Amino acid sequence: MTTELRFALLGQVRAWRGETELDLGAPQQRAVLAFLLLREGRAASIEEITEALWGEREPESARAVVRTYICRLRRAVSSDEEDDRVIRSLRGEYAISVGTVHVDWDDFREKVGRAQDAQGGPAEAAGLLRSALRLWQGTPLGGARGDFVGQERTRLLHHRTAALEERLALELELGRHAEVSEELAAAVAAEPVRERLHELLMIALYRSGRQAEALLAYEDVRRLLATELGVDPGAGLREVHQRILRADPALAAPPTLPPPVLLPERPPAQVPAALPGFVGRQVESAGIQGTLRSAGGTRIVAITGLTGMGKTALAVHAAHNLRDRFPDGQVYANLEVSDGGAVDPSAVLGSFLRSFGVPESRLPDQVEERAALWRTVLDDRRVLILLDDATDADQVGPLLPAAPGCAAIVTTYRRIYNLSGVHWVTVDALSPADALEMLARLVGHGRILGERRDAVALVELCSHQPLAIRVAADLLQARPHWTVRQARRRVEDDVNRPVGVNEGCMLIEAPLLLAQSRLEPQQATAFRLAALPSDGGLTTESMAALLDMPPPLAYRLLESLVDMHLLLSAPNGTYRFHRLVQAFARRQAWEHEGGERCDAALSRLARFRARGPAATAAF
């Protein structure tokens with residue numbers, strides 16, 4: 001798995017792979033790297049690079065020197081795990097592909113763009129710009145030497161100043177004139193001929209009750225412009241001056257808002273403890289961690305599968321393994337209440353915001369405003385959000401981050417099709433070997449290996465389902481004098497009995513009852529009656545006979561049950577149940593559909609099968 005590669009241009013030119021800083025070599029070599037990064041994926045020829053470094057003073061050895069720099073940079077920034085080099089050669093030209101690396105200049109522009117489109121008003125926009133400006137660590141392109149550096153440095157600084165002006169204007173709009181007066185004075189000293197900064201300073205001073213100082217600030221800039229440039233103040237400056245002179249009521253300060261939210265002294269660590277006996281899921285775990293450790297935008301992984309297959313256990317396992325990647329906190333919410341209802345996202349947002357130090361008095365009432373504040377709090381932070389048992393996109397959407405350093409893991413019983421930008425992971429039963437290993441870890445390897453054949457039969461009875469295996473392990477731990485064979489017979493009796501009555505059965509059936517409650521009436525009937533035949537290989541045609549309906553409708557019902565993970569899609573157009581799920585559905589059929597209806601369904605199926613291949617053609 002490739003470790004994240006990060007570059008800094010907004011200060012000294014630097015690079016890191018993971019937490020390890022890389023040696024970028026001499027100033028001109030750093031300049032070559034900066035030049036390629038600033039081209040944003042566009043290839044550069046040898047001639048363009050030499051001109052950028054030396055201009056018209058290009059030495060005879062320039063081309064050879066540039067190739068040497070490229071070779072050294074490739075060795076410095078490429079890892080042994082990468083087949084493709086970070087710096088690519090394209091027909092004698094060189095480029096660094098956009099999206100393959102993380103660059104602070106790209107982050108800055110992305111945050112500024114989001115501030116311009118912010119839906120949460122001035123507070124969200126100001127927070128995004130504040131976050132963007134924190135990326136600057138001094139004079140840009142520091143430590144790089146080349147003819148192009150001075151011009152590019154000026155361009156980058158111009159963007160920084162524009163973002164600073166916009167943030168300070170938003171801070172004034174939010175009533176924070178007292179807090180930004182000193183910052184504005186420092187900005188004016190650094191950029192004495194930017195009239196917009198002088199306007200903002202005059203307004204901040206006036207709103208802070210310092211009218212005389214505001215007027216003196218105008219005189220200072222008027223003299224400066226006349227002496228240095230031979231011009232008068234622009235229309236904006238003159239208008240602010242006149243409004244101060246006539247004490248324009250519209251210039252008065254808006255209501256003061258509280259200062260921005262700060263991280264609590266200790267970041268939240270809300271992810272539940274990992275379950276004992278977690279085993280397997282290597283492929284799924286690698287996919288989750290690869291996605292959430294990758295560079296680029298916000299990363300979201302959604303884990304789906306039948307309840308009881310270990311979605312939450314996998315999510316928690318991944319979250320703990322990723323803790324070092326998200327040092328600013330991990331938050332957790334269960335989005336489903338015990339009766340199957342959905343938790344209001346507004347309440348979850350309130351909990352999340354309080355965990356980051358937002359007092360109750362500052363929580364907005366509307367979910368949209370809370371979501372905007374949540375995105376602002378997360379900006380420029382590295383936080384992992386774990387959302388368990390999600391229902392739909394309306395519930396999940398407001399809780400997701402927008403900051404590129406954050407990520408989310410969502411578990412859900414079904415695929416949410418209108419949730420975009422998500423890496424989906426589906427979990428099913430464990431492999432037989434992993435299921436046996438899980439039982440051994442929970443009960444003890446010596447006890448299980450001593451009766452391996454019965455242990456294999458026991459986990460098979462559990463359909464290799466993690467929840468059922470945990471129940472079987474609890475049964476063995478509660479009865480240390482029992483053999484594994486005795487436990488197997490008990491579980492076999494539970495699976496085959498018409499009504500589940502013991503506590504273990506109730507634990508296994510609880511999530512299945514919840515899954516059944518989510519079904520529409522026609523789906524629920526199909527789910528129950530489909531479990532009646534004892535042989536496997538359910539087809540669309542046999543389902544149509546069983547339910548006494550046209551095959552197209554039977555097909556849609558079968559596929560809807562597959563989407564809910566209650567039925568498995570098998571080869572050759574057939575469908576099958578996990579053994580535990582079928583046993584549950586069969587018990588529910590006799591209870592809810594009644595004996596007469598179940599017998600009638602089985603009779604229709606028997607007549608259909610008796611007709612042989614001709615029956616399928618008739619359908």
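Listed values, structure above:
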| item | result |
| --- | --- |
| Pick from the stretch 433-456, criterion among the acidic types (Asp, Glu), in contact with a Lys or Arg (Cβ under 9 Å, 6 or more places away or on another chain) and part of a helix (DSSP H, G or I), ranking: surrounded by the fewest Cβ atoms within 10 Å (Cβ to Cβ) | 454 |
| Top-ranked residue in the stretch 503-520 [being surrounded by 14 or more Cβ atoms within 10 Å (Cβ to Cβ) and at pLDDT below 65; ranked as nearest to the chain's Cα centre (by Cα)] | 507 |
| Residues within the stretch 560-596 that are touching a Ser or Thr at 6+ places or on another chain (Cβ under 9 Å), free of Cβ contacts under 8 Å to residues at least 24 places away in the same chain and more than 15 Å from residue 519 (Cα to Cα), tallied | 1 |
| Enumeration of residues in the stretch 225-240 that are part of a helix (DSSP H, G or I) and either over 16 Å from residue 184 (Cβ atoms) or open to solvent by 70 Å² or more (accessible area, probe 1.4 Å) (or both) | 225, 226, 227, 228, 235, 238, 239 |
| Matching residues, the stretch 457-482, being over 17 Å from residue 307 (Cα atoms) and either outside any helix (DSSP H, G or I) or of a type in the set (Val, Ile, Thr) (or both) | 459, 479, 480, 481, 482 |
| Cβ-Cβ under 6 Å pairs, at least 6 apart or on other chains, the stretch 242-271 side over 20 Å from residue 372 (Cβ atoms) and part of a strand (DSSP E or B), far side modelled with pLDDT of 80 or more and open to solvent by less than 50 Å² (accessible area, probe 1.4 Å) | 269/330 |
| Number of the exception - residue 116 against (1) of a type outside the set (D, E, K, R); (2) over 23 Å from residue 12 (Cβ atoms); (3) in contact with a helix residue (DSSP H, G or I) (Cβ under 7 Å, 6 or more places away or on another chain); (4) surrounded by fewer than 18 Cβ atoms within 10 Å (Cβ to Cβ) | (3) |
| Checking residue 273 against (1) closer than 30 Å to residue 443 by Cα; (2) modelled with pLDDT of 85 or more; (3) surrounded by 11 or more Cβ atoms within 10 Å (Cβ to Cβ), the condition it does not meet | (3) |
| Of all residues making up the stretch 580-619, the number that are closer than 28 Å to residue 426 by Cα, modelled with pLDDT of 80 or more and either small (Gly, Ala, Ser) or in contact with a Cys (Cβ under 8 Å, 6 or more places away or on another chain) (or both) | 3 |
| Filter result for the condition that a residue is part of a helix (DSSP H, G or I), without any contact (Cβ under 8 Å) to a residue 24 or more places away in the chain and among the aliphatic types (A, V, I, L, M), over 31, 64, 52 | 64 |
| Qualifying residues in the stretch 37-81 (those that are in contact with a Lys or Arg (Cβ under 8 Å, 6 or more places away or on another chain) and polar (S, T, N, Q)) - the one modelled with the lowest pLDDT | 79 |
| Unique match (being at pLDDT below 85 and either in a helix (DSSP H, G or I) or in contact with a Phe, Trp or Tyr (Cβ under 9 Å, 6 or more places away or on another chain) (or both)) among 528, 490, 556, 485 | 490 |
| Single unsatisfied condition, residue 347 versus (1) surrounded by 15 or more Cβ atoms within 10 Å (Cβ to Cβ); (2) of a type in the set (A, V, I, L, M, F, W, C); (3) assigned to a helix (DSSP H, G or I) | (1) |
| Long-range neighbours under 6 Å by Cβ, at least six apart or interchain, first residue within 16 Å of residue 37 (Cβ to Cβ) and in contact (Cβ under 8 Å) with a residue 40 or more places away in the chain within the stretch 138-155, second among the polar types (S, T, N, Q) and open to solvent by 60 Å² or more (accessible area, probe 1.4 Å) | 142/12; 143/12 |
| Count of the stretch 327-344 residues which are at pLDDT 85 or above, open to solvent by less than 30 Å² (accessible area, probe 1.4 Å) and either touching a Lys or Arg at 6+ places or on another chain (Cβ under 7 Å) or not in a strand (DSSP E or B) (or both) | 3 |
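The values are calculated or read from the model by the stated rules, or taken from the named source; none is laboratory data. Note that the coordinates shown come from a computational prediction; the quantities given were computed from them, not determined experimentally. Here Cβ is always computed from backbone atoms with ideal geometry, including for glycine, and neighbour counts include all displayed protein chains. These area figures cover heavy atoms from the full protein model, side chains too; ligands, DNA and RNA do not enter into them. Shrake-Rupley method; radii C 1.70, N 1.55, O 1.52, S 1.80 Å.
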